[in-house]
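Colleague: After the structure tokens below, expect a handful of questions from me.
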Amino acid sequence: TNCRWTTFNAHFQDWDPIIASRLDAKAIIRRVTEANANVFMMFALDCLGNAYYPSRLAHKHPNLPSDSLLVEIVSECKKNGVAIVLYYCVNWNKHVAERHPEWTMKDNQNKTPGYDGALGHYLCYNSGYLDYVKSVSSELLGYEPDGIFFDMLWYGEGKVCYCQENCQPLFRRKYGTEMPLAASWDEAWR
């Protein structure tokens, strides 16, 4: 089939009460159909850690005009024959990193690397964060989307997690040796 894809790219800060306060599901999907798209990707969780639905786990964007925005988006898509894909940014979530610093990546000194601006810290998938991602994904499946797009499933350019709580013991169990803490170009490092 001919896929005509469009997305609502919404990494909206929440510091100003006007930001995201005028989102209108019917108007958004009207524009999607006017563009003759048959697949629409709507942000469910952005790279700032804001949820665009009333999550039990994630930080709901405080400025949404209603708790039913995502329900309305999904409903309008289905009513108009448009497949709906929910967007979930995984490697950044400033709200989670602030509440769970033990889930953030650690450098080779077991310290949390520098703050990445508005995005916060990278998160370690070998920590409790992975269970959080699975739980939030279960919430999103409750909206019955046609798919979920998990974006940013990487640690970032040159980023490696060396946390002593999770990554180092996992490496030791898997490879039978200590995790190299710097590039040494020897057999263990390779």
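Colleague: When you scan segment 147-190, how many residues do you find that are under 30 Å from E76 (Cα atoms), open to solvent by less than 80 Å² (accessible area, probe 1.4 Å) and part of a loop (DSSP other than H, G, I, E, B)?
Modeller: Adding up the residues that qualify gives 1.
Colleague: So which of N93, N50 is in contact with a Leu (Cβ under 7 Å, 6 or more places away or on another chain) and polar (S, T, N, Q)? Walk me through how you get there before you give the answer.
Modeller: Numbers: N50 fails: in contact with a Leu (Cβ under 7 Å, 6 or more places away or on another chain).
One residue alone meets the criteria, N93.
Colleague: Further, regarding this structure: Could you list, in sequence order, all residues of segment 49-63 that are open to solvent by less than 20 Å² (accessible area, probe 1.4 Å) and in contact with a Lys or Arg (Cβ under 6 Å, 6 or more places away or on another chain)?
Modeller: Within segment 49-63, G49, A51 meet the criteria.
Colleague: Let me ask something additional. Among what's in segment 1-44 and is of a type in the set (K, R) and not in a helix (DSSP H, G or I), pick the residue that is least open to solvent (accessible area, probe 1.4 Å).
Modeller: Only one residue tops the list, namely R4.
Colleague: Starting from residues that are part of a helix (DSSP H, G or I) and within 17 Å of K159 (Cβ to Cβ), keep the ones in segment 124-136 and report whichever is most open to solvent (accessible area, probe 1.4 Å).
Modeller: L130
Colleague: Name the one entry in E144, E139, E98 that is touching a residue at least 60 places away in the same chain (Cβ under 8 Å), part of a helix (DSSP H, G or I) and of a type in the set (D, E).
Modeller: E139
The values are calculated or read from the model by the stated rules, or taken from the named source; none is laboratory data. Worth saying up front: this structure is predicted, and the values here are computed from it rather than measured. Virtual Cβ from ideal backbone geometry, glycine too; neighbours counted across all protein chains shown. What goes into the accessible areas is simple: the full protein's heavy atoms, side chains included, and nothing from ligands, DNA or RNA. Shrake-Rupley method; radii C 1.70, N 1.55, O 1.52, S 1.80 Å.
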